[in-house]
Amino acid sequence: PGTKSYLGRKTYALSTFVTVSRIKASGTNALYLWLPFPTESPSQRGVKALSRSTEPLIPDFRGLSAYRLSDLENDKIITVSQDHLVQVYGIETDIKADKIRNPPSPAPQVYSSLVAPDTLVPSNHKDITSFAQRAVGKEKNHYKSARLILDSLLAKVSIDESSFTAAPLDALKSGRADAWDLAILYAAMLRAAGIPSLPVAGVVVDESRRAWRHAWVEFYLYGFGWVPVDPALVGGARIGSFEAPFEDPARYFGNMDNRHIAFSRGLVKLDRITPDGRTVSAARRYSFQSVFEEAAGGLSAYTSFWSDVEITGVY
């Protein structure tokens, strides 16, 4: 049904860190930090850890490194840092829409696992399902349906990077969304239409090598594979000082430049490491994960600062 090409390789060296301060602790305690790094995919290759300030407890669990800081002392300041290398390719697709076929029965497993709702993507909510049904109408072709849903979503929701909501459904009701809410809404609507999809979290890199947090989407076509979409850029959004390399924003439906670096594809679900662990989650970072921090034992208080991604080299 078409072709996919990987073009224009860029190699990025990048650094991230977490600083822990204002510690209040007594007795045995521990703090676990889950730090993301660039994910491996056909368009992101050769991910390599260059250096770490601390040896991780778990070097790699679905694109995360887990660090354990044991028996923290009052008022001590601790920094955990890691540096990685990743090769990023642009993606160019040429899809013959009329040659797309829907999956057979029984469908591949991706159609059951990635059309179902999860704690990030509310694909079974009535507002999502009704919106997707209205957008798609009688269209059965998944590629054409994906375009219809995006067009309807961008007509309903205006892009506002200053918009912060507690849940993407609030953005749908208000008619204003940032890139995170827009990506999650689009992924949810695709799933509601029976199209496997993943919201992707990461960064975009501008000409000055500054990385800006961002979110986009991939959806799956039977017989073809994964198709990238940046709903915010299709809608003409400005992400910080990032200047989109594609002059035509519509190209971000089905294609991707080599300045998007993905740190997570879909939600990385984590359980507590310790039975009495107190977990901390966060939104609008460069990774979709259910847990970022976990405190255990006599650690009663602390402050954490998570850095943005710093690009230390482009080759």
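The values are calculated or read from the model by the stated rules, or taken from the named source; none is laboratory data. Not measured: the values here are computed from a predicted model. When we count neighbours, we look across all protein chains shown, and the Cβ atoms used for this are built from the backbone with ideal geometry, even at glycine. Calculation scope for accessible area: heavy atoms of the full protein, side chains included, ligands and nucleic acids excluded. Shrake-Rupley method; radii C 1.70, N 1.55, O 1.52, S 1.80 Å.
Quick notes on this structure:
- In this Cβ point-charge picture (+1 for Lys and Arg, -1 for Asp and Glu), region 61-146 has a dipole of about 720 debye about its Cα centre.
- Only protein heavy atoms count here; under a 1.4 Å probe, Thr3 has an accessible surface of about 80 Å².
- Heavy-atom accessible surface of region 9-90, averaged per residue, reaches 46 Å², computed with a 1.4 Å probe.
- The value of relative contact order for the chain, using C-alpha pairs under 8 Å at least six residues apart, is 26 percent.
- Accessible surface ranking for Leu85, Leu221, 1.4 angstrom probe, highest first: Leu85, Leu221.
- Accessible area per residue (1.4 Å probe, heavy atoms of protein chains only) ranks Thr119, Thr129 as Thr119, Thr129, with the largest value leading.
- Solvent-accessible ranking of Glu293, Glu161, Glu207, largest area first, probe 1.4 Å: Glu207, Glu161, Glu293
- If only the Cβ of Lys and Arg carry +1 and only the Cβ of Asp and Glu carry -1, the dipole of region 204-315 around its Cα centre is close to 220 debye.
- Shape category assigned to region 160-250 from the gyration tensor of Cα positions, a/c cut at 1.5: oblate
- Straight-distance crosslink candidates among lysines, where the alpha carbon sits under 29 Å from Lys140 and sequence neighbours closer than 8 are dropped: Lys4, Lys96, Lys99, Lys126, Lys156, Lys173
- Value at 222 nm in deg cm²/dmol, rounded to 500, when DSSP H runs of n ≥ 4 in the chain each add -39,500 (n - 2.57): -5000 deg cm²/dmol
- Helix 179-192 vs. the chain, principal-axis angle (Cα, 0 to 90°, nearest 10): 50
- Measuring only protein heavy atoms, the 1.4 Å probe finds His125 accessible over about 60 Å².
- The mean sequence distance of close C-alpha pairs (under 8 Å, at least 6 residues apart), as a share of the length of region 136-251, puts its relative contact order at 21 percent.
- Rounded to 10°, Cα long-axis angle of helix 126-136 versus longest principal axis of the chain: 40
- Acute angle (nearest 10 degrees) that the helix 142-156 long axis makes with the longest principal axis of the chain, alpha-carbon atoms: 70
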